[in-house]
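Read-outs throughout are calculated quantities, based only on the coordinates presented, and are distinct from any laboratory measurement. Quantities reported herein were computed from a predicted structural model and do not represent experimental measurements. Cβ atoms come from the backbone with ideal geometry, glycine included; neighbour counts cover every protein chain shown.
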Amino acid sequence: MNMGTELKTEIRRVNGYLKEVVTFLDASGKPISQVMNPLMVELKPRDVLQIFVGAFLVAAPLAFTEEVWNLSVELKRQNVFALGGVSMVTVAMFIYLNFYRFKLKGNVFEFVKRIFATYLITISSIVMLLALIDKFPYETDPIVAVKRVIIIGFPAAFGGVISDYLR
């Protein structure tokens, strides 16, 4: 940036989406150029679909593996829940750093909503898939069913949040 060039930043809604518009001004205050960056602090239907597709894309191959079915029986409950906790912290940090860093003020509810939605959508896709292939024994062995969802959910949540991040 040259000496005398200033920036003016504002937030505008363009085609229904929030954008951060950065205007470069010359020394006299006249606009030189503009750059529009997506401001991804709102959870839109498109984002929900992207999370579902990303989570499903990662969950599908895992749900069909006998290793995951056996692991859900053999792995200790505290290890599975620790895996789920690590996943939640990592996904929350990714969402914060890539969507809300420097924009959290005034968007805390949207931040929490995006984290909750990411996990709800991810879990729903896994439960649906496991139920379709008859590997979700919720009525006969609910602990194993929940463990399978958490084990598959670990990488699937990352797939969901990364596909949400891609535009």
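Anything in the chain that counts as a DSSP H helix reaching 15 Å or more along its axis (C-alpha) with Kyte-Doolittle mean of at least -1.0? List them, would you? Walk me through the numbers on the way to the answer.
Details: long enough: 45-63 (26 Å, 1.38); 77-95 (27 Å, 1.28); 108-132 (36 Å, 1.74); 142-165 (33 Å, 1.33).
Those that clear 15 Å and a mean of -1.0 are 45-63, 77-95, 108-132, 142-165.
Here Lys135 is the anchor, and the lysines within straight C-alpha reach of less than 28 Å, apart from those fewer than 8 places off in the same chain, are Lys76, Lys147. Let me check I've understood the local charge: for Val161, count other residues with C-beta under 13 angstrom from its C-beta, Lys and Arg +1, Asp and Glu -1. What total comes out? Result for the local shell: -1.
Could you please report the charge total around Tyr100, scoring K, R as +1 and D, E as -1 over all other residues with beta-carbon less than 12 angstrom from its beta-carbon? Walk me through the numbers on the way to the answer.
Working: positive: Arg101, Lys103, Lys105, Lys113, Arg114; negative: Glu42, Glu110.
Local charge sum for Tyr100: +3.
Which one of Pro142, Phe158, Tyr17 has its Cα pushed farthest toward the positive end of the charge dipole of the chain, where Lys and Arg give +1 and Asp and Glu give -1 at the Cβ? So the residue we want is Tyr17.
Kindly rank 131-143, 51-63 from highest to lowest mean number of other beta carbons found within 10 Å of each residue.
Details: 131-143: 12.4, 51-63: 20.9.
Descending mean neighbour count gives 51-63, 131-143.
Computed over the Cα atoms of the chain, the ratio of the radius of gyration to the Kirkwood radius (Rg/Rh) comes to 1.16.
Rounded to the nearest 20 debye, the dipole size of region 36-152 about its Cα centre is 580 debye, using +1 on the Cβ of Lys and Arg and -1 on the Cβ of Asp and Glu.
Mind checking which aspartates and glutamates have their C-alpha under 13 Å from Lys44, skipping anything on the same chain fewer than 8 residues away? Result set, ordered by chain and number: Glu110, Asp164. Highest-first packing order for the peptide set 24-33, 72-81 is 72-81, 24-33, based on the mean count of other beta carbon atoms within 10 Å.
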